[in-house]
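Right, one structure below, let's go through it.
Just so it is clear, none of the values below were taken in a lab; they were calculated from the coordinates. Source: prediction; values computed, not measured.
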Amino acid sequence: MACRNNQLNQREMKVIQSEVIHDSFNFDELFMLFLQDGNLRNLRPHTLTYYSNELMSFRKALETLELDTTPAKIKQDHINQFIIYSKDVLELKIVSINIRLRAIRAFFNFAYKHSYIPNNPFANIQVLKERRTVIETFTREQIHKLLKSTDLRTFTGVRDYTIMLLLLETGVRASELIGIETDDIRWED
């Protein structure tokens, strides 16, 4: 039987350090490190506020669900429960849930990258699929009826007719149409 000296080998040190590091940070401490990192990376104040709001909502949801909020102890199942809670109890839309998931993912990616947590609970979590609704377009008859409804004997009628044709032919947004100046038009074309 080999005699043990008083020194830990590298593998043993790694185990000891990882256990100490992983369990030593509560949510608030790791959250502050995350925000400090964002400041160091010169993220916009709006982005930091977004992260702050979404992560605090996540933490509050975990507490409501009576789940452990220690980052090292959060598992994929906690994230799934959060998603279900957001959909069913908070009745958030898929877009809102995905916005939260992106912020939470950034937080856990940071924690995992810097070895503050042993596993990333977001490793297999995807954003939710959105069902896109099809926007119905006007029929040819509806377009002709709309264009015929303008009074081409008045200035406002000609203006409205021109606006409708421009929207129809180019597909520009109303906000883009409003911003068009006469200098923007190439009259030679």
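For this structure, a couple of remarks:
- Largest GNM mean-square fluctuation among L147, L92, L48, using the chain with Cα springs under 10 Å: L147.
- Viscosity 0.890 mPa s, 25 °C: Kirkwood-radius Stokes-Einstein D of the chain over Cα pairs, µm²/s: 112
- Structural descriptor for segment 39-188: relative contact order 17 percent, calculated from alpha carbon pairs under 8 angstrom and at least 6 residues apart.
- Reachable aspartates and glutamates, given that their alpha-carbon falls under 14 Å from the alpha-carbon of K60 and they are not under 8 places away in the same chain: D28, D68
- Helix runs (DSSP H) in the chain reaching 24 Å along axis by Cα, Kyte-Doolittle at least -1.0: 45-64, 94-113
- Altogether, the Stokes-Einstein calculation at 25 °C and 0.890 mPa s, with the Kirkwood radius of segment 86-178 over Cα pairs as Rh, returns a diffusion coefficient of 135 µm²/s.
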